[in-house]
Amino acid sequence: MKVGVVKEREVGEQRVALIPEVVAKLVQQGYHLCVESGAGDMAHFSDEDYRAAGAEIGYSIEEVWGSVDVLLKVAPLRDREVEWIRPGTTLISFLNPLGNPWQMQHLAERYITAFALECIPRTSRAQSMDALSSQAAVAGYAAVLLAASNLPRFFPMLTTAAGTIPPAKVFVIGAGVAGLQAIATARRLGAVVEAFDIRPAVKEEVQSLGAKFVEVPLEEETVAAGGYAKEVSEAAKHKTQEAIAAHVHSADVVITTAQIPGKPAPLLVTERMVASMKPGSVIVDLAAEQGGNCACTEPGRAICHQRVTIIGPINLPSTMAVHASQMYAKNISTLLKYLAPKGELVLNFGDDIIDAACITHEGQVRNPRVLELLHPAQTLATTV
Ligand code: NAD
């Protein structure tokens, strides 16, 4: 089986789907690897590194995109890249299937079997394939460094001959994978950290990292199936905003990571809260791509509002391309070996991981939520 690793062409994407170390292991296990020339350049892995790991280097689109059996990628495809893939190929990548259902339809029409890494179930069994988690951890770490480098203050407490500096106060909103990594990183830098999440179950995890958990008792269920947060009522949103306002006011840094799967990010930090912060304070909004948790966030930009810096980073994991690629390579190679343990693809749709992650197969879109987006009326008719 020939496995291809292609060059990412999305602007700003620096990661690569497999790093040479993982390529070497796959080659040892009998997979034939073909890496597109320059695929690892932005992540600091050269063609020579891949060649030394046992991969063939492909120099043209036809040689890699158009001739492999399995194609590995990081960022969702650009529409014209769909045309480069040979019918019958299996594609494994982030695909943003719900954000781009028509491209999923196009992949199906071209008989491409597509696996979306964002659809891997968040279960212990699938943990080593969970690229959403690995990349969220990178984002949480990078967000704190971004905040620290934009804050005109120290993070740690310093006692020096030139005086005593108090530690920075960091408030993390949303204590999922990214938020917990942000808490751990800010603590390592010496900040005093508080955190809030709408799921009360994360309290112990927050405390175990040395942060204080901000409690906001709500009289409604805040957790949906699968352990994710649920969208709450207007009254609960209002109560949450009132409760966190004082913590935002006293923080030097606010890092927001709150998301609700399939919905725009909840608005948690209002313009009035921003105005209440000390001049020079920093907000890093990791939910910027989903609309932002802060009312002033501009996705992809750093702005100054009422003397507070608000950063809305896009694709933060890409800025840490070496380790983000290393972790991604572990996730995607584990999925590859799961799908083809003996070098041949065996797709058992009775398996929850394969069933959930496979979006298109044998000319059909098979993911129900993508089908709903493609044919809303039809789906409604069959469910009535
Ligand atoms: P996410 O990116 O969807 O959301 C980030 C955080 O924002 C979550 O903790 C969520 O509760 C929080 N949030 C949402 N709305 C909020 C609001 N209004 N106010 C404050 N916080 C709000 O989450 P994630 O990091 O991808 O993980 C979420 C869930 O998935 C958790 O239950 C986690 O334990 C679970 N998970 C399980 C596994 C596994 O078992 N392998 C792996 C990863 C994640």
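What follows is calculated from the coordinates using simple rules that are stated; it is not laboratory data. Here the structure is a predicted model, which is why all the values come from computation and not from measurement. When we count neighbours, we look across all protein chains shown, and the Cβ atoms used for this are built from the backbone with ideal geometry, even at glycine.
Tabulated data
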quantity	calculated
Cα-based helix-to-principal-axis angle, 321-339 vs the chain, degrees rounded to 10	50
Shape box of segment 223-285 [Cα atoms, principal axes, largest first, Å]	40, 23, 16
Taking N as its residue count, the alpha carbon Rg of segment 227-330 over 2.2 N^0.38 Å	1.15
10 Å Cβ shell holding at most 12 others, DSSP loop, GluC sites (Glu not before Pro): longest site-free stretch of the chain	1-214
Histogram of C-alpha separations across segment 28-98, 5 Å bin width, %	3, 15, 23, 27, 19, 9, 3, 0
Sites excluded, chymotrypsin sites (Phe, Trp or Tyr not before Pro) in DSSP loops with at most 15 other C-beta within 10 Å, longest stretch of the chain	60-227
Pairwise FRET efficiency - Q127 versus K342, Cβ, R0 = 22 Å, nearest 0.05	0.45
For I359, residues with placed amide H under 5 Å, excluding near neighbours	A114, F115, A116
Eligible aspartates and glutamates near K230 by straight Cα distance, threshold 15 Å, same-chain separation 8 or greater	D197, E219, E220, E221
Ellipsoid semi-axes in whole angstrom, largest first, where each is sqrt(5λ) of the Cα gyration tensor of the chain	39, 26, 18
Rounded to 5, percent antiparallel among DSSP beta bridges of the chain	25
Partners for K73 among lysines (Cα-Cα distance below 21 Å; same-chain residues under 8 apart left out)	K2, K7, K25, K330, K337
